[in-house]
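Participant: Take this structure, written in structure tokens, and hold onto it; I'll ask about it next.
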Amino acid sequence: MIPEIDRRLIEWIGNVVGDVTISLAAPRDQEEGSGVSLYLLQLSSTPPASTSHVTPLQFTLHYLVTTWSDEPETAHQLLGDLTLAALDNAEMEVDLTPPVPEMWLALRMLPRPAFVLRVLVRKPRPDPDVRYVTQPLVLRAGPSVAFVGQVLGPEDVPIVGARVECAALNLTAITDGQGRFRFAAVPANLPLRLLVKAKRRQTQIITGPAADGQPCIIRMELP
């Protein structure tokens with residue numbers, strides 16, 4: 001992918017300044033003739049904008065662009081033409097900040113006019129393989145029945161105002177004066193997990209509707 005960007009930039013430089021030497025190597029002080037150094041200085045991460053689709057893989061290439069010639073005026077002309085052309089190219093970003101002295105020292109050359117050309121590299125990623133539902137959705141509901149229960153304390157005394165919860169069905173009921181409560185519809189063939197709270201005590205049972213239609217008895221130990 002990077003060599004493809006290299007080739008595109010070399011072609012672009014040739015279109016801008018004509019037939020000159022174009023080098024991908026690091027710039028040097030002693031160069032013959034006239035030419036352009038397109039040196040890949042570094043890569044940097046470029047997080048893509050957040051979208052609802054799969055984000056692409058992308059990063060940015062930083063090229064150090066310098067020119068040389070036996071005649072300084074020619075080198076300056078090359079650099080000026082490239083700078084203006086890059087600024088006018090929507091696919092490129094130009095950084096005209098002077099490189100730090102340490103960079104020139106690392107390259108073992110005297111500082112010279114230059115700019116950094118930033119080019120975004122992007123690789124799209126395919127959307128995940130999502131299988132769509134092609135058949136109509138059918139909900140199969142089993143038979144339901146009313147559930148009647150009675151909460152009793154010591155000596156089978158009805159507990160009034162007890163709170164009965166069935167979290168799985170999001171049902172809640174409060175016992176009446178006879179300690180009874182009622183859920184209008186529960187699955188007929190499935191057990192129910194009930195949580196009963198009364199007088200700062202609670203008990204949990206697993207039960208189902210009584211077969212004879214009588215209330216399901218729930219006993220609690222109270223102080």
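Nothing in this text is a laboratory measurement; each read-out follows from the coordinates by a stated rule. Since this is a predicted model, take the numbers as computed values, not measurements. Counting neighbours? That spans all protein chains shown, and the Cβs are built from the backbone with ideal geometry, glycine included.
Participant: Please sort 178-187, 99-108 by packing, taking for each peptide the average over its residues of neighbouring beta carbons within 10 angstrom, highest first.
Facilitator: Order by mean packing, descending: 178-187, 99-108.
Participant: As a footprinting exposure proxy, order SER44, SER37 by other Cβ within 10 Å, with the fewest listed first.
Facilitator: By the 10 Å Cβ count, ascending: SER44, SER37.
Participant: If you take Kirkwood radius over Cα pairs in Å from the coordinates, which of (1) 24.9; (2) 18.2; (3) 21.3 do you get?
Facilitator: So the structure-derived entry is (1).
Participant: Listed highest first by mean packing, meaning other Cβ atoms within 10 Å per residue, what order do 196-205, 64-73 come in?
Facilitator: Ranked from most to least packed, the peptides come out as 64-73, 196-205.
Participant: Taking θ = phi - 60°, what integer Hz values does the Karplus form 6.51 cos²θ - 1.76 cosθ + 1.60 yield along the range 161-178, in sequence order, with x for Gly and Pro?
Facilitator: Ordered by residue, 3J(HN,Hα) equals x, 6, 9, 10, 10, 10, 4, 4, 9, 6, 10, 9, 9, 10, 5, 8, x, 9 Hz.
Participant: Moving on. Can you give me the C-alpha center-to-center distance between the range 1-50 and the range 84-119, rounded to a whole angstrom?
Facilitator: 11 Å
Participant: Considering only DSSP states other than H, G, I, E and B, which trypsin sites (Lys or Arg not before Pro) in the range 1-36 qualify as loop sites with at most 14 other Cβ atoms within 10 Å?
Facilitator: ARG28
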